[in-house]
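Below: one structure, written as structure tokens.
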Amino acid sequence: MNYKNIEKGIIQLIKKAETELPTDVIKALEQAYKVEEGVAKTQIDAILKNIDLAKKTHRPMCQDTGIQTFFVDVGVDFSQINKLKDIITNAVKTATKEVPLRPNTVDPFSGENHKDNTGEYIPYITWDFVEGDDVLITAFPKGGGSENMSKLGMLKPGVGLEGVKDFVVEEMIKAGGQPCPPTVVGVGIGGGADLALKLGKKALLRPVGVRHKDKSSAAMEKELIERINMSGIGPMGLGGKTTVLDVHIEVAHRHPASLPVGIAVQCWADRRASMVVHADGSWEVK
């Protein structure tokens, strides 16, 4: 198997994620443009022009190209599972120079920047295993401004789902314009502290406008969208009707004594792209 060829595919994947916003996000922003007025409309217009320029020039749409984050679904019959981590890491190093990406990995103790977007536990990869011999890789560059608005609430079970909704709405109002709205908000409910936050981030992979298949979760998503948008925070925090483009929820069973709620926030640049690697090493970026 040609590992260098797969590496080239991942470099292309990273470049697409950084320079081309998914169509579902663009459509949501275009809809926001139609309903907004004044400064809010001007902000959305600037965002849409930036998106178009990034795609035409093949340059990142934001100066913060993020921490390189990946979700990888590995077919259990894929023969080169043990090589994937190194292939992804090498691709990140090369993409840093070729795309180019801003070097964003800093040692917490020394302050040293590795200058290639790698380091301890970075790139950050979430692994899952599925049937078959294909590998699905999703690139999910995560910017610092929106990541700083992540929240974990270890709520008392007695507050119930109403307490969960209140927590999410209150935290997003506190965030204001800091995460560069209009945002997409991922909410993980249940599990433990770490799982709730991971589910919140995983929820962000769902396309904008796609509701949870569970009716109760879908109804909560709709309510949260309405309540957060009623805040009037608006695009870039300057006021308006569109503070969030969407809210997505993922749920895990929890301990009877715990009600964890993890909030993950993505700015208007809801960057993500996927590729499939086949058993023979061939690939295609979606």
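Only the coordinates and a few stated rules stand behind these numbers; no lab work does. The structure presented is a predicted model; accordingly, all values stated were derived computationally and were not measured. A quick note on method: Cβ atoms are made from the backbone with ideal geometry, for glycine too, and the neighbour counts reach across all protein chains shown.
Over region 65-190, the pair-distance histogram of Cα-Cα distances with 10 Å bins from zero comes to 11, 30, 30, 23, 7, 0 percent, rounded to whole numbers.
Binning the alpha carbon pair distances of region 1-122 at 10 angstrom intervals from zero yields the distribution 12, 33, 29, 19, 6, 1, expressed in whole percent. Using a cut-off of 29 Å between Cα atoms, the listed pairs LYS156/LYS241; LYS97/LYS174; LYS215/LYS241; LYS16/LYS174; LYS4/LYS142; LYS34/LYS151 include LYS156/LYS241; LYS97/LYS174; LYS16/LYS174; LYS34/LYS151 as exceeding that distance.
Distance between the pseudo-spin-label points of ALA252 and LYS27 (7 Å out from Cα toward the beta carbon): 3.1 nm. Here the simple spin-label model places points 7 Å from the Cα toward Cβ, and for ASP45 and LYS97 these points are separated by 4.2 nm.
Dividing the mean sequence gap of close Cα pairs (under 8 Å, 6+ apart) by how many residues region 49-132 holds gives a relative contact order of 40 percent. Rounded, prolate or oblate: pick one for region 144-266, where a ≥ b ≥ c are the square roots of the eigenvalues of its C-alpha gyration tensor, a/c under 1.5 means rounded, and failing that, prolate if a/b is larger than b/c, else oblate. Prolate, because a/c is 1.5 or more and a/b exceeds b/c.
Pull up the DSSP beta bridges for region 144-266 and report the antiparallel fraction as a percent, rounded to 5.
Working: 11 of 19 bridges.
Looking only at bridges with both residues in region 144-266, the antiparallel portion is about 60 percent.
Computed from the alpha carbon positions, the gyration tensor of the chain leads to an equivalent ellipsoid with semi-axes of 31, 24, 18 Å, biggest first. Put the Cα centre of region 198-239 next to the Cα centre of region 138-197 and the gap is 10 Å. Normalised by the number of residues in the chain, the mean separation of alpha-carbon contacts (under 8 Å, six or more apart) gives a relative contact order of 26 percent. Amide hydrogen proximity for ARG102: with H placed 1.01 Å from N in the peptide plane, the residues at 5 or more positions away or on another chain lying under 5 Å are THR65. Of all DSSP-defined beta bridges confined to the chain, some 65% are antiparallel rather than parallel. Scalar couplings 3J(HN,Hα) for region 75-87, obtained by applying the Karplus form with A = 6.51, B = -1.76, C = 1.60 to θ = phi - 60°, are x, 5, 9, 5, 7, 10, 4, 5, 9, 4, 4, 5, 5 Hz; x denotes Gly and Pro.
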